[in-house]
Amino acid sequence: MVQLKTLTFADLIAQQTGFAGEGRLTDFVSRYDGDLYFGDRLNLNRLVRQHGAPLEVVYTPQITAQIHRMIGWAAQARAATEYAAPFHYAYATKANFAAEAVQTALAAGAHYETSATADLIIAHGLWRQGILPPDRLICCNGSKEPAYRNAIRQLRLDGCETVIPVLDDLSELHDLITTPAPLQFGVRERAAGNRDGRHPGNDRFGLTMAEIEQAADLIATTEHRLVLYHAMIGSQIEDEGHFLTTLRASIENYCRLRRRVPTMRYFNFGGGVPTAGYQLTFNFDYQRFLARLMTTIRDLCAEYDVPVPELIGEFGRYTVATHSAYLVEVGAVKAGQPDQPDWYLINGSLMVMLPDTLFVSGQEFVILPLSDWHRPVRPVRLAGRRTCDSDDIYPRPEQPPLWLPETDGGLILAIFGIGAYQQMISGRGGAHHCLTPEAARFIVEERDGRLSSRLVPQQDQATIMRLLGYRPQPTALPLPFRQPARPAVLAARRRTRERMVSI
């Protein structure tokens, strides 16, 4: 009788991706000698042995790599299509406001995109310090309440000539046009937000074409200039054809406006470019997409007899999604109901760590075990052990379960793709759901080719209690919210290759 081979986790990954077990698995995860590496350089197994779990790992060189890759693809696309105008990479800071993320993006050459008062105030401070160079564009999107408009005005009057308020409502123009220094304005096209009905949340942003015409006429009577046209389609758009087809009408609208407004200079095709951070099998040809976009713009501009615009791409998720990961421990295993997967109970809260599991339908995350790839797999769902909430689970009930190595507890999981929006939604430093403390944060930055690191301790319970108005009382025993990884699970590993950087 032929005995069927038991499917191990290594077998499963090989079937899904063709990964042979050694080398790069994605552009942000590698595996060598049984250990997982972030960015091909940072040993995650070693970090858990040193610092325990839960642990957030912030690896900023990944941001630099993302930006440089996109700039390189754009350069290749420009050469292939003979596109005559520059391409500008802008970081949409609402994806992650953390100083290490924003400053790394700026150092890598990114321009700056804001969405509200607070991030423009951050931009102003960075501009004054010279961290945000004076030649970088600051595109101000979003609905502009009075404080936001005042922040724009103050930045311009402080001497910044590259701030560009992108009009979302004509009332913004009527206010900002009184600024006693010439401003460069942009307009956001409302129709692009939901032209085909796929992105209903975007249809509230921007101006109608009639309003854009009014804005252009009013600006023409002042010392200000209209320089930018913004068309935002949606988020995480993996359908290249849909992306380009939807943008085509916006490009034609830009061309018509450019014929009567010679100061128009930039076409901002918005965000929406997808990231590889959420699926191991992700596939999107960025260079081909940019080449097709440039070809479309080039040909339409020729038809309308206008010069091609400088392109601006705003990248939020793409920039930062893959630069952070959570390392969590399966603290216990609980049998599921009949014909249902078992539960892996983790020492944390998924609602706090991964709020997109609640808010974004079908949201996925790449989850890999740090060890036990040789063990058989089983279908499971993860659940937060530090809440008593039926929504604190992943995947959602309507989604297929995860397949992870069998364990009785102690297995360490790496959850990737958490660098964009997750902390911004759940907040940092406050009181979270069920008072779950924030994990310790291990931050890695690169300076002159060398990696440096710092550890931010786990949030303490006394601070949380004070935020809620309690007077913390001394307890007989410390609350064990963070523990070193179990020695039996993370036993001594094989040697680390010399080319890997040790931290």
Legend entry - Exposure ranking of 323, 68 by accessible area [1.4 Å probe, largest first]: 68, 323
Inset, instruction - Using a 1.4 angstrom probe on the protein heavy atoms only, line up 144, 94, 334 by accessible area, largest first. - result: 334, 94, 144
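Looking at the P(r) of the chain, how many percent of alpha-carbon pairs lie beyond 45 Å? Display every interim value, and only then the final one.
Details: 24499 of 126253 pairs.
Percentage above 45 Å: 19.
Using r as the Cβ-Cβ distance of residue 298 and residue 128, and R0 as 41 Å, what FRET efficiency do you calculate, to the nearest 0.05?
Values: r = 39 Å, r/R0 = 0.94.
Computed FRET efficiency for residue 298 and residue 128: 0.60.
What FRET efficiency comes out for residue 434 versus residue 24 if R0 is 60 angstrom and r is the Cβ-Cβ distance? Round to the nearest 0.05. Don't skip to the end; give the middle numbers.
On the way: r = 38 Å, r/R0 = 0.63.
The pair residue 434/residue 24 has a calculated efficiency of 0.95.
Just subtract the alpha-carbon distance of residue 470 and residue 334 from 0.36 nm times their residue separation and send over the number in nm, one decimal.
Working: separation 136, 0.36 × 136 = 48.96 nm, distance 3.43 nm.
Fully extending the segment from residue 470 to residue 334 adds 45.5 nm.
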Legend entry - Calculated from backbone phi, Karplus (6.51, -1.76, 1.60) coupling profile of the range 418-426 in Hz, x at Gly/Pro: 9, x, 10, 6, 4, 6, 5, 7, 7
Inset, instruction - Work out the FRET efficiency for residue 452 and residue 221 from their Cβ-Cβ distance, taking R0 = 51 Å, and round it to the nearest 0.05. - result: 0.45
Inset, instruction - Tell me the label-point distance for the pair residue 174, residue 406, using the 7 Å Cα-to-Cβ offset, in nm and rounded to one decimal. - result: 7.1 nm
Inset, instruction - Using the Karplus curve 6.51 cos²θ - 1.76 cosθ + 1.60 with θ = phi - 60°, work out ³J(HN,Hα) for each residue of the range 320-328 in order, rounded to whole Hz, and write x for Gly and Pro. - result: 10, 4, 9, 8, 9, 8, 9, 10, 10
Legend entry - Spin-label model distance (nm) - residue 11 vs residue 388, 7 Å beyond Cα toward Cβ: 4.2 nm
Inset, instruction - Provide 390, 361, 453, 426 ordered by accessible surface of protein heavy atoms (probe 1.4 Å), highest first. - result: 361, 390, 453, 426
Inset, instruction - Compute the signed sum of charges (Lys and Arg +1, Asp and Glu -1) over the other residues within less than 10 Å, Cβ to Cβ, of residue 293. - result: +3
Inset, instruction - Can you send over the carbon and sulfur percentage of the accessible area for the range 46-137, probe radius 1.4 Å, protein chains only? - result: 57 percent
Inset, instruction - Can you tell me how much longer the chain between residue 196 and residue 80 gets when fully stretched, taken as 0.36 nm per residue apart minus their C-alpha distance, in nm with one decimal? - result: 38.7 nm
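Please work out the average accessible area per residue across the chain, using the 1.4 Å probe convention, and give it in Å².
Details: 21630 Å² over 503 residues.
I get 43 Å² per residue for this part.
If you place +1 on the Cβ of every Lys and Arg, -1 on the Cβ of every Asp and Glu, and leave all else neutral, what size is the dipole of the range 1-117 about its Cα centre, to the nearest 20 Debye? The partial results should precede the final answer.
Numbers: 9 positive and 10 negative charges, 12 e Å.
For this selection, approximately 60 debye.
Give me the extension gain from residue 242 to residue 283: residue separation times 0.36 nm, minus the current Cα-Cα distance, reported in nm with one decimal.
Values: separation 41, 0.36 × 41 = 14.76 nm, distance 1.56 nm.
13.2 nm is the gain from fully extending residue 242 to residue 283.
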Inset, instruction - Might you work out the accessible area of residue 169 for me, using a 1.4 Å probe with all protein chains in place, and round it to the nearest 10 Å²? - result: 70 Å²
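Can you tally the net charge around residue 97? Count Lys and Arg as +1, Asp and Glu as -1, for every other residue whose Cβ sits under 10 Å from the Cβ of residue 97. Spell out each step's value before the answer.
Numbers: positive: 94, 428; negative: 119.
Summing Lys and Arg as +1 and Asp and Glu as -1 gives +1.
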Legend entry - Percent accessible area from carbon and sulfur atoms, the range 363-465, protein chains only, probe 1.4 Å: 48 percent
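The values are calculated or read from the model by the stated rules, or taken from the named source; none is laboratory data. Treat the numbers as computed from the prediction; the structure is a model and nothing was measured. Every residue, glycine as well, gets a Cβ built from its backbone with ideal geometry; the counts of neighbours run over all protein chains shown. Note: accessible area is taken over every heavy atom of the protein model, side chains too, but ligands, DNA and RNA are not part of it. Shrake-Rupley method; radii C 1.70, N 1.55, O 1.52, S 1.80 Å.
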